[in-house]
Amino acid sequence: MSSFFNWWSARYTTEVRYPKESTLIVTKEQHSNTTSVFLRDFVERRCPSLYSEFRPVWWLPNGHMQTLYCVLGDFSARDKVVYKRTLLRLLDGGTLGLDFTPADDSHLPPDTPIIVVLHGLTGGSYESYVRAILSPGCVPVHQGGLGYRAVVVNFRGCAGVPVTSPQLYSAGHTDDLRQALFYISHRYPEAPLLGLSFSLGANVMTRYVAEEGERSRLKSACVLGCPWNLAANSSKLLTTYIGRHVYSKGMGRNLVNLLKRHVSTFTSDHEVAKAAAVTMALTKPTIDMFDEHFTRIGGGSSPPWPFASANDYYEYSSSHNVLNKIKIPLLAINAADDPVVQDVPMDVEGNGWAIMALTPCGGHLGWFESDEVWGEIRRWIKRPVFEWLRATGEDFVRSPPRWRPLHEEGGFIKEVGVDRLGCKELEGSDIIMGTEGEAGLLAGL
């Protein structure tokens, strides 16, 4: 009988992988004292929910149901967030939309931690999985929240952000996040920046912290549903009927519809405009078809874009092969039954900064469970993420970062020694109601 209960419990237990040698970090203890502790011990003590059972709500028992509910469920009355939008003009002419919450943050100290969020494939700050964490996370501590600021970096063309240059975004283009962090660091120089990202945005964030190493402007990162090996996961998605005709075509249709929203930007003889015209004429494209026709050409700046093929783009942009370059605490959580991300690198390649967690179920960005008291549906993922953000935002003491100083040149905020990147705030700001998505686009991906 005991073996049966052990098996039953194991069905809902998260697998957490650490490297053989965890990194030694400095943490704050009681009375403002500091002590050295291994990152593994720090996480085991400060993030107990990571080891708690996740039991999916009974009517969403598998990854397909969890994923489809994330996409099709009505979350408009839950986790309402009000943002204040700032538009950034980038040095290449592109535009990003930074949605800050709380909209009025005048009551918060200048060193309040800021959660920097990257959304999924065609999403934005309105996504239910974003609001599920930011809505409670940005309320005061005495009301059960973290009391933090947050900012969602909306990619070019997403969530109502205009496309003002012949380029969109992709899983491998990190410069837009890099420039957004210039602005956030400049606006809040005393605040620690805590990364939180989902799906495609998780891949971007993982690559950014790997590329920057000790110069990362993020103090820590939590990446959820990261697609890691883009070629492997794209290939596996096409091997099943539901993978090809539901998920891959659903994501491909989303991307084409997003492109069509900004068709006026792509009307010149530019190579990206030609690629956009061909892509918009595709019939029922899968995501790999979109990447072959457009992303490899218009998904980033030159160099390294354009790529000869989608596979070349996948090889360059994947994040599973850069884990060994990360130099800040990184927690990655995926679900074993995720129908979109089926290839997850649980081996952290000996990097003592990375922790890999795999829940047995949860789908793609779902993790829906039932509240034990009221029976209401909720997201299990919120608890370990909250604990991670609090632990790394308040208790983890980072060594003096080695990032390059910022300066202003011609109205653009730049890093000293990096002339090709810069951003400036555009005049005016809007109040954004976080529950208002975009018509014609599937949410939750």
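The values are calculated or read from the model by the stated rules, or taken from the named source; none is laboratory data. Every value quoted in this text rests on a predicted model; they were computed, and no experiment measured them. We place every Cβ from the backbone using ideal geometry, glycine too, and count neighbours over all the protein chains shown. Note: areas computed on protein heavy atoms with side chains; ligands, DNA, RNA excluded. Shrake-Rupley method; radii C 1.70, N 1.55, O 1.52, S 1.80 Å.
Using r as the Cβ-Cβ distance of residue 214 and residue 377, and R0 as 30 Å, what FRET efficiency do you calculate, to the nearest 0.05?
0.15
Would you tell me the accessible area of residue 65, worked out with a 1.4 angstrom probe on the heavy atoms of the protein chains, in Å² to the nearest 10?
Taking all protein chains as shown, residue 65 has close to 80 Å².
Please list the non-local residues whose amide H lies under 5 Å from the amide H of residue 115, H modeled 1.01 Å from N, same-chain partners needing a gap of 5 or more.
Long-range HN contacts for residue 115: 149, 150, 151, 194.
Below 8 Å between Cα atoms, with a sequence gap of 6+, how large is the relative contact order for the chain in percent?
Details: 975 pairs, mean separation 121.6, N = 445.
Taking the mean separation of contacting Cα pairs over the length of the chain, I get 27 percent.
Report the net charge of residues surrounding residue 381, where surrounding means a beta-carbon distance below 14 angstrom and charges are Lys +1, Arg +1, Asp -1, Glu -1.
Working: positive: 55, 131, 378, 379, 382, 383; negative: 53, 79, 127, 338, 369, 387.
Residues close to residue 381 contribute a combined charge of 0.
Calculate the spin-label point distance for residue 418 paired with residue 13, positioning each point 7 Å from the Cα along the beta-carbon direction, and give it in nanometres.
4.3
Would you mind calculating the relative contact order of the range 37-132 from Cα pairs under 8 angstrom and at least 6 residues apart, reporting the percent as a whole number?
Taking the mean separation of contacting Cα pairs over the length of the range 37-132, I get 19 percent.
Find me the longest stretch of the chain that has none of the exposed chymotrypsin sites (Phe, Trp or Tyr not before Pro), where exposed means in a DSSP loop (not H, G, I, E or B) with at most 11 other Cβ atoms within 10 Å. Walk me through the intermediate numbers first.
Working: sites that count: 58, 59, 374.
Formally, the longest exposed-site-free interval is 60-373.
Taking 7 Å along the Cα-to-C-beta vector as the label spot, tell me the residue 263-residue 34 distance in nanometres, rounded to one decimal.
5.8
Above 31 angstrom, tally the Cα pairs of the chain and express them as a % of all pairs, no decimals.
Beyond 31 Å sits 37 percent of the P(r) for the chain.
Scan the chain and report its longest stretch carrying no GluC sites (Glu not before Pro) that are both in a DSSP loop and have at most 13 other Cβ atoms within 10 Å.
On the way: sites that count: 21, 29, 190, 372, 376, 427, 436.
Counting at most 13 other Cβ atoms within 10 Å as exposed, the longest clean stretch of the chain is 191-371.
Say R0 is 30 Å: what FRET efficiency, to the nearest 0.05, do residue 399 and residue 315 get from their beta-carbon distance?
Efficiency at R0 = 30 Å is approximately 0.35.
At residue 273 and residue 80, where each label point lies 7 Å from the Cα along Cα→Cβ, what is the point-to-point distance in nanometres?
That separation, rounded to one decimal, is 4.4 nm.
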